[in-house]
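Each value in this text was obtained by applying a stated rule to the coordinates, not by laboratory testing. Remember, it's a predicted structure, so these values are computed and weren't measured experimentally. When we count neighbours, we look across all protein chains shown, and the Cβ atoms used for this are built from the backbone with ideal geometry, even at glycine.
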Amino acid sequence: MSQQYTLIVDQKASPVELIGSSSGVELTIDTFEAALGWTVKPEGFCRGEVCIPAGEAVADGTVDLAAYATLTARPMIVNVAERAISLGTAAADRSDELSSLDAPDFTLPDLDGKLHSLSDYRGKKILLAAYASW
Amino acid sequence: MALDKNADDVRPWIEAAGPTHPSLIDTKHLVADLYNMVNVPTILWIDEDGRIVRPNDVAYGNNQWQEMHGFDAEVHKRALRTWVHGTAPAPFTSERARQLQQLPNAEHQEARAEFALGQWLWEQGRMEAAEAHFVRAGELAPQDFTIRRGSMPMRDIDPMGEEFFAMVGAWAEAGNEYYHPLPEA
């Protein structure tokens, strides 16, 4: 039995198919890899140079997303009624990056929709100022 | 960089200001998350090598509301000019800059994940469902006003109205600060 859910991760929402048991949040490995940008290898969950042993989070070609989230210390919010899951970033990832004092890169649009990356401005001094209409 | 839910909300201000610098729209609070911002205005300085030399601080662009918040915009502007023109080095050693950073904990990241779900539900027009997530986000990170105030426009609450002032009043009465300027220049 499968259900269509929406997975919100990295500021993007995409449809994912949940498979298998009624109580778990299980995805096929393909769905998991496409949605998260992590790959599943014999070493475990891998991204770039880093691999984390998957243990029981991977079995029979499926990924238990909740188990993955626990292993990677990523917050995962599930709303069954709305068929939506939000997967956030681990605090340690944010803290490590900020502690390095390397300004995290990002890409955002201006009013005309043109994209700007922080790294576009490398070589200049930057004042990053956040404000809001609220 | 505007932490606004859509470009239209902030368009009048950007057009009125006519800035010569890039003015970006961060509808999903990506940068607030990356840099662990908890309120606006938040400023930080990044040098030519992409290094944070002044971590999250509070500075306004002018003194229009100085009576309300107490910050003198000229202090930051002076410091900024001397740094930009090269007549002053970076304000802090790397070690001190690191110490001055506020780093997020697991609850705060959970709050951000709740906020993201709330925002997506709001975008789908599912207001009631969104509300539960915005409320939960505020409980998990009560110090984060990019969440507690930033969600108000999506909850049909006036971010300049009574409920906002009651929220800040309760926060202050409990001994908390609404703004977190750096303790030193």
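Its Cα gyration tensor gives the protein assembly as shown an equivalent ellipsoid, and the semi-axes of that ellipsoid, as √(5λ) in whole Å with the largest first, are 35, 24, 18. Summarising the amide proton neighbourhood of B:ARG51: residues at separation of 5 or more, or on other chains, whose placed amide H is nearer than 5 Å comprise A:ALA103. Greater than 18 Å separation of Cα atoms is the criterion. Which listed pairs, B:LYS5/B:LYS28; A:LYS125/B:LYS77; B:LYS5/B:LYS77; A:LYS125/B:LYS5, meet it? Violating the 18 Å Cα-Cα cut-off are B:LYS5/B:LYS77; A:LYS125/B:LYS5.
Taking packing as the residue-averaged number of other Cβ atoms within 10 angstrom, the listed peptides B:104-113, B:127-136 run from highest to lowest as B:104-113, B:127-136.
For region B:44-103, the share of alpha carbon pairs falling in successive 5 Å distance bins from zero is 4, 17, 24, 22, 18, 11, 4, 0 percent.
Between A:LYS12 and B:TYR179, the simple spin-label model (points 7 angstrom out along Cα→Cβ) gives 3.8 nm. Mean projected area of the Cα convex hull of region B:37-185, taken over all directions, amounts to 10.5 nm².
Given the options B:VAL31, B:VAL58, B:VAL75, state which has the largest fluctuation in a GNM of chain B using a 10 Å cut-off (strictly under) for Cα springs. Per the Cα network of chain B with a 10 Å cutoff, B:VAL75 tops the list. Sorted fewest first by neighbouring Cβ atoms within 10 angstrom, B:ASP9, B:ASP57 come out as B:ASP9, B:ASP57. The ellipsoid that matches the Cα gyration tensor of region B:106-173 has semi-axes, each √(5λ) in whole angstrom, of 19, 15, 7, with the longest given first.
Per-residue ellipticity at 222 nm computed for chain B from its helices equals -13500 deg cm²/dmol, with DSSP H segments shorter than 4 residues left out and the rest contributing -39,500 (n - 2.57).
Comparing A:VAL78, A:VAL40, A:VAL50 in a Gaussian network model of chain A, where Cα atoms under 10 Å apart are tied by springs, the biggest mean-square fluctuation is seen for A:VAL50. Of A:TYR68, B:TYR179, B:TYR60, the sequence from fewest to most neighbouring Cβ atoms within 10 angstrom is B:TYR179, B:TYR60, A:TYR68.
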